[in-house]
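As structure tokens, the structure follows; a few thoughts come after it.
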Amino acid sequence: MDTKKKIENTAARLFYEQGYNSTGINQIIAEAGIAKASLYAHFPSKVDLLKSYLRNTSVSSNEVLRSIVNQKQTPQEKVLSIFDFLVKFSNQTNFNGCHFLNIAAEIPQNNEGVLALIQDQKNKIRELFIEILAPIHNEALADELYILFEGALASSKVFKENWTIEATRRIVEKLL
């Protein structure tokens, strides 16, 4: 594995497990097994590393969701498959909530570059619901589903159980 990828993977794991503010550059360097100069050659600052983490996580998250949705036929099946994915995601042993909401809770709101990456990802999720519901022309319902998705994701972290996602899925099924 190349050095840049090693740094990104180590930082991604630590940012997700510990949080951005609790993860220091020296810890990333030590756990990646690299020299400090190597880190700074690829990422001039910790914020640059955070932005890379958010971009990479966005790409992989969107690929997973698209793959899941593309396996289904009807808008109802597609939407419900997203909530089924959330249940599986929250059952992972290392589940620590939404990567993007976690960072949003840690960064100052005036960090517009990071906030823009988070907002972009959240808009992609909203747009996915809009796209799924396009055949029935119901953007208002897509917005409601997006809000339910975010609420289920956030509350599953708080309770460290997936009953909130399962309850949200039942609500979504009724709405559809």
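The values are calculated or read from the model by the stated rules, or taken from the named source; none is laboratory data. Only a predicted model underlies this, so the values are computations on that prediction, with no experimental measurement involved. Glycine also receives a Cβ, built like all others from the backbone with ideal geometry; neighbour counts cover every protein chain displayed. Please note that ligands, DNA and RNA were not included when accessible areas were found on the heavy atoms of the full protein model with its side chains. Shrake-Rupley method; radii C 1.70, N 1.55, O 1.52, S 1.80 Å.
Anisotropy class assigned to region 101-171 is oblate, per the alpha carbon gyration tensor with a/c at or over the 1.5 cut-off and a/b no larger than b/c.
Surface composition of region 1-133: carbon and sulfur make up 49 percent of the accessible area, probe 1.4 Å. Annotation: extensible slack from Thr74 through Gln27 equals 12.3 nm (criterion: 0.36 nm per residue apart, minus Cα-Cα distance).
Using a cut-off of 31 Å between Cα atoms, the listed pairs Lys6/Lys124; Lys72/Lys157; Lys4/Lys160; Lys36/Lys122 include Lys4/Lys160; Lys36/Lys122 as exceeding that distance. Rounded to the nearest 500 deg cm²/dmol, what is the calculated helix-only ellipticity per residue at 222 nm for the chain, with -39500 (n - 2.57) per DSSP H run of length n ≥ 4? Counting only the DSSP helices, I get -25500 deg cm²/dmol. Using a Gaussian network model of the chain in which every pair of alpha carbons under 10 angstrom is joined by a spring, one finds that among Ala104, Ala140, Ala152 the greatest mean-square fluctuation is at Ala140. Taking θ as phi - 60° and the Karplus parameters 6.51, -1.76 and 1.60, the scalar couplings of region 104-109 work out to 4, 6, 9, 8, x, 5 Hz in sequence order, x denoting glycine and proline.
A cut-off under 11 angstrom between Cβ atoms defines the neighbours of Ile165, and their net charge, with Lys, Arg +1 and Asp, Glu -1, is +1. Counting charges near Glu150 (Lys, Arg +1; Asp, Glu -1) among other residues having Cβ under 10 Å from its Cβ returns a value of +2. Counting Lys and Arg as +1 and Asp and Glu as -1 over every other residue whose Cβ lies under 14 Å from the Cβ of Gln121, the net charge comes to +2.
When +1 charges are put on Lys and Arg Cβ atoms and -1 charges on Asp and Glu Cβ atoms, the dipole computed for region 10-94 relative to its Cα centre reaches about 140 debye. Between region 1-66 and region 140-165, the alpha-carbon centres lie 27 Å apart. Rounded to the nearest 20, the Cβ-based charge dipole of region 1-146 about its Cα centre (Lys and Arg +1, Asp and Glu -1) stands at 460 debye. Axis of helix 139-159 versus longest Cα principal axis of the chain: the two differ by about 50°, to the nearest ten degrees. Remark: region 4-103 carries 49 Å² of accessible area per residue (probe radius 1.4 Å; ligands, DNA and RNA excluded). Derived value for the chain: Kirkwood hydrodynamic radius 17.4 Å. Basis is the mean of 1/r over every pair of different alpha-carbon atoms.
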